[in-house]
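Structure, as structure tokens:
The values are calculated or read from the model by the stated rules, or taken from the named source; none is laboratory data. Given the structure is predicted, the values throughout are model-derived calculations rather than measurements. Because the Cβ atoms are built from the backbone with ideal geometry, glycine has one as well, and the counts that use them run over all protein chains shown.
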Amino acid sequence: MDQHARIRQLHRDGLTVGQIAAQLHHSSKTILKVLAGPAPDPLAPAATRAAPVFDPVRGIVDAILAADETAPRKQRHTAQQIFRRLVADHGYAGSYAPVQRYLKGRRLDRRETFVPLDHRPGSRAEADCGHIAVDFPGGRRSVPVRIVTWSDSNAPFALALPTERTEAILHGLVEAFGFFGCVPAEVWWDNPTTVAVHVLAGRERTVHPRYAALAAHDPFTPKFCLPVTPREKPRVENRVFDLQRQWATPVPQVVDLAALNTHLRPCCVAARGRTCGGNPETVQVRFDRERAAAAPVPARPFDPCVFHPAMVDKYQTARFDHNAYSVPRRWAFRPVTVTGYVDRVAVVADGQVIATHPRSYGRGDKILDPLHFLVVLERKPAALDHAPVYRDGQLPPALPALRRALEERVGPSAGAKPYIRVLQLLARHPMGRVEQAVASGLAAGAPDAARIIATAERLAEADRGTSAETMTRPAATAALPDLSRFDHLLTRSSRGDETDDRRERPAGDGQPQDAQTSGPAGRVGPAGP
């Protein structure tokens, strides 16, 4: 159109055909044709450029492209490779440009088109995992973030997790449903092996048993995209882009994952105030309709864990995810079930939780509880110096200080047994109470096991002072005897007990009682001469 107007303007200004052709770099024949013809039709198709040299090899190119349909994606012909084959194998004498134009037209014909979709409110949510770099006190590392987005409203949820394993997926969905306050009819995934164990024909999948349990509990229908099919869940893929380009830019600097999630939660809430996809309504307005149409969250939340059967070994540990977790002595050599959560591991036997530990994501770690080995420690006191569970700072400072004080008084060998007796208080009393009793013994200047045990029992009795029995005691009662005058007997008898094997067996766990006996309300008194 511009060329036609320019030619006519120059001719109107008095230039000859030859001058116009020289100025605009066209032939005189073209200038005469434009001046004699009507105005150009803007909708007329462009003339197809003739390619007489390429036409004989067109069928060969089609055959190469047909063979590429069954070849691996990364081993298919490029335009340059087809051109080289035509020259080398078929004597093609033309240039590369006709080959390139022909292949471009073929690619346009094969490009995928889509049907516009409009999902019903509350019917569908999409889930995916994005990765972002985060600066922690220990350095920068990549963090997986679970993202769930509603297909109709585009309302998002994001949760940073330590891993992408099945228990993390379960935890992420449970948190997402709690955040939204409703459950969609369908949840769409790609095909992660932590959810879809086996990919079968079409959209059939073998679903992980725990994911199937979550879908039955909440409930929703598990759905999966076809392999190597783009844009079947575009909402959540766009939210992954938002996560990386907006919510995590600049790189977040946090102390832990909890702080990162505290940063991500307001980002998800703020996204509801925007519009998207050319829709005049905000995400919040559309999500309100989704929430009204979706199913409510069950009153009892799903337990987001995986189960693993294990056998407790001679070290009182059960293995889970390449790590060992300790259990009490009575469960040694017995089968147990280890339940793995995102942040902890619980060991279950006979329908009860027998041990709980923080989750380790290392390999070959031993996560041990000092309380689990108290029974064995009494029989093998030499383990005090060689067991990391008692040696590497897992006990409060007051207890190692007590051991040093006892060994200074009666020697290393004799001091170990009364120290073990004090450690066994942890099986019956909380750590704070034992620390208080030990501190009281150390403050006295000459600590011994019997006095510390008696102090712990007195503290326990004081804590029970507000029990129902005390509250219902009649106002008029007989005066309690003053036992303070017997305290010197405790000191005198404990000095003899510290070297007496027979008097140092802990109470409970099926073993003989100590020579001391329990008085009323659990008070410990001397056994007599």
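Quick one: is residue 186 surrounded by 19 or more Cβ atoms within 10 Å (Cβ to Cβ) and in contact (Cβ under 8 Å) with a residue 24 or more places away in the chain?
On the way: surrounded by 19 or more Cβ atoms within 10 Å (Cβ to Cβ): no; in contact (Cβ under 8 Å) with a residue 24 or more places away in the chain: yes.
When the stated conditions are applied, residue 186 does not pass them.
Within the group 254, 297, which residue is in contact with a Leu (Cβ under 6 Å, 6 or more places away or on another chain), touching a residue at least 12 places away in the same chain (Cβ under 8 Å) and not hydroxyl-bearing (Ser, Thr, Tyr)?
Working: 297 fails: in contact with a Leu (Cβ under 6 Å, 6 or more places away or on another chain).
Residue meeting the stated conditions: 254.
Can you list the strands (runs of 3 or more DSSP E) lying wholly within the range 163-276 that have 3 or more residues being charged (D, E, K, R)?
Values: elements: 186-189, 196-199, 205-207, 221-224.
Ranges flagged: none.
Can you pull out the residues in the range 307-342 that are crowded, with 17+ Cβ neighbours inside 10 Å, more than 27 Å from the chain's Cα centre (by Cα) and not in a loop (DSSP other than H, G, I, E, B)?
331
Which of the residues spanning the range 40-62 are farther than 30 Å from residue 78 by Cα and either surrounded by 10 or more Cβ atoms within 10 Å (Cβ to Cβ) or modelled with pLDDT of 70 or more (or both)?
Going through the range 40-62, the residues farther than 30 Å from residue 78 by Cα turn out to be 40-44.
Once the filter is applied, which keeps residues that are farther than 30 Å from residue 78 by Cα and either surrounded by 10 or more Cβ atoms within 10 Å (Cβ to Cβ) or modelled with pLDDT of 70 or more (or both), the range 40-62 yields only 40.
Does residue 37 meet the test of being at pLDDT 85 or above and among the small types (Gly, Ala, Ser)? Break it down stepwise before answering.
On the way: at pLDDT 85 or above: no; among the small types (Gly, Ala, Ser): yes.
No: the conditions fail for residue 37.
Could we say that residue 292 is in contact (Cβ under 8 Å) with a residue 24 or more places away in the chain, out of contact with any Asp or Glu (no Cβ under 7 Å at 6 or more places or on another chain) and under 24 Å from residue 217 (Cβ atoms) here? Give the steps one after another, and end with the answer.
Details: in contact (Cβ under 8 Å) with a residue 24 or more places away in the chain: yes; out of contact with any Asp or Glu (no Cβ under 7 Å at 6 or more places or on another chain): yes; under 24 Å from residue 217 (Cβ atoms): yes.
Considered against the rule, which asks whether it is in contact (Cβ under 8 Å) with a residue 24 or more places away in the chain, out of contact with any Asp or Glu (no Cβ under 7 Å at 6 or more places or on another chain) and under 24 Å from residue 217 (Cβ atoms), residue 292 comes out as yes.
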